[in-house]
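See below for the structure under consideration.
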Amino acid sequence: MRRIGILTGGGDCPALNAVIRGVVEKCALEDIEVFGFADGWRGALHADGRVLTLDDVEGIQTLGGTILGSSRTNVMKTENGPEMVRASMEKLGLEGIVAIGGDDTLGVANQLFDMGMNMVGVPKTIDNDLSCTDFTFGFDTAANIVMEALDRLHTTAYSHGRVMVVEIMGRHTGWIALQGGLAGDAHVIAIPEFPLHIDDICRIVTERKERGKRYSVVAVAEGATIEGFHVDEGELKKDAFGNAALPDRAIGHKLAQEIQRRTGIETRDIVLGHLQRGGSPSAFDRVLGARMGAKAAEQVISRNYGCMVGLSATKIICTPLKNALSTRKEVDAELYEVAKLFCR
Ligand code: F6P
């Protein structure tokens with residue numbers, strides 16, 4: 001009997017379970033058994049996990065998070081890491097691994113593939129900033145959570161005549177802040193890709209007040225570029241992949257203080273944080289995850305390793321894993337211009 005492994009690495013994301021089910025269901029049609037590694041690459045290093053049956057995956061596309069658990073374990077930073085993964089695969093009789101993750105997890109998969117281990121990648125991040133796919137699953141859910149949060153914040157901001165600064169996930173790109181901010185009628189949207197000046201942010205807020213608007217909502221991505229405003233980075237902690245953990249930056253809180261100082265308008269801030277990643281996925285994400293999972297299984301079935309699945313227009317496609325990691329997908333100017341029309 002053929003057997004493969006599957007793992008979910010990096011920050012979790014709604015619809016990971018839909019992908020897992022897609023892989024298991026499709027593989028079952030060809031009598032391929034799927035071994036689910038516990039906690040991403042950690043499980044792959046230690047051959048830790050369990051076989052996933054059809055019973056195990058029934059209905060799981062409705063659940064948030066990942067039934068396998070996740071971690072940011074970096075195989076390449078572990079002594080003899082690649083050899084340990086190879087040994088796990090041999091011990092468990094796995095011919096390949098479906099790695100579901102962001103650029104870090106898939107970067108490891110790509111390096112292991114170059115070392116002769118069979119890998120198929122599935123792109124995952126709520127940030128939506130991986131290339132070779134139009135959307136990543138989880139992004140739609142996160143953007144909807146942001147939209148719903150903004151809908152709620154409008155009313156309390158109105159009641160008190162305040163500026164409400166909302167910090168939204170997105171260290172390198174502003175997809176969630178832009179999508180959620182545009183849908184949820186933010187009056188200012190600050191993202192990493194298109195710098196905004198602090199003077200312009202304060203101008204919009206002040207002009208709104210002069211026009212008789214009682215309040216303003218400011219959507220700011222974690223990694224937003226704001227000119228004329230210095231955010232003390234504090235002591236940045238790094239994860240095993242060297243990513244800066246931005247929470248110390250607290251851009252939303254500092255921006256709120258600066259807006260209040262400059263405009264004299266009472267300002268509050270809120271960090272949406274991991275609320276954006278938790279809970280059940282949207283219909284769009286459940287279906288996208290299921291389709292990507294099934295497509296990844298097809299690659300296993302036909303032994304087409306070294307590729308990553310992705311969405312292109314309405315079709316699920318495959319690209320070489322190494323291409324997928326080459327560039328970060330940033331918010332495009334046309335979309336940003338539409339958002340700007342609404343920001344006033
Ligand atoms: O990359 C996904 C993401 O949710 C980012 O938007 C965020 O900056 C980061 O992960 C948070 O990571 P952690 O869950 O490790 O705090």
| Taking interchain pairs and intrachain pairs at least six residues apart, which have beta carbon atoms under 6 angstrom, with the first residue in segment 260-272 and over 20 Å from E210 (Cα atoms) and the second buried (at least 17 other Cβ atoms within 10 Å of the Cβ) and among the charged types (D, E, K, R)? | V271/E167
| request: Looking only at segment 1-15, decide whether some residue is part of a helix (DSSP H, G or I) and either farther than 19 Å from L94 by Cα or more than 16 Å from the ligand (Cβ to nearest atom) (or both). | output: no
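Results for (1) crowded, with 19+ Cβ neighbours inside 10 Å; (2) out of contact with any strand residue (DSSP E or B) (no Cβ under 8 Å at 6 or more places or on another chain), shown as yes or no for each residue.
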site	(1), (2)
G252	yes, no
L255	yes, no
E258	yes, yes
T263	no, no
G293	yes, no
A313	no, yes
K322	no, yes
R328	no, no
A333	no, yes
| task | For residues that are part of a strand (DSSP E or B), more than 21 Å from G138 (Cα to Cα) and touching a Lys or Arg at 6+ places or on another chain (Cβ under 7 Å), tally how many sit in segment 31-45. | result | 2
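Quick one: count up the residues across segment 191-243 that are on the phi > 0 side of the Ramachandran plot and either in contact (Cβ under 8 Å) with a residue 24 or more places away in the chain or away from the ligand (no atom under 16 Å from the Cβ) (or both).
Summing the residues that are on the phi > 0 side of the Ramachandran plot and either in contact (Cβ under 8 Å) with a residue 24 or more places away in the chain or away from the ligand (no atom under 16 Å from the Cβ) (or both) in segment 191-243 gives 2.
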| query | Say we look at segment 73-98 and pick out the residues that are small (G, A, S), assigned to a helix (DSSP H, G or I) and buried (at least 19 other Cβ atoms within 10 Å of the Cβ); which of these is farthest from the ligand (Cβ to nearest atom)? | reply | S88
| Given (1) buried (at least 21 other Cβ atoms within 10 Å of the Cβ); (2) in contact with an Asp or Glu (Cβ under 7 Å, 6 or more places away or on another chain); (3) of a type outside the set (A, V, I, L, M, F, W, C), number of the condition G101 does not satisfy | (2)
| message | I'd like to check something: does segment 115-135 contain any residue that is more than 16 Å from the ligand (Cβ to nearest atom), buried (at least 19 other Cβ atoms within 10 Å of the Cβ), part of a loop (DSSP other than H, G, I, E, B) and among the charged types (D, E, K, R)? | response | no
| query | Has segment 46-66 got any residue that is in contact (Cβ under 8 Å) with a residue 12 or more places away in the chain, more than 16 Å from the ligand (Cβ to nearest atom), assigned to a strand (DSSP E or B) and not aliphatic (A, V, I, L, M)? | reply | yes
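Since every read-out is calculated from the coordinates, none of them should be taken as a lab result. Just so it is clear, the structure is predicted and the values come from calculations on it, not from any experiment. Neighbour counts run over all protein chains shown; Cβ positions are idealised from the backbone, glycine included.
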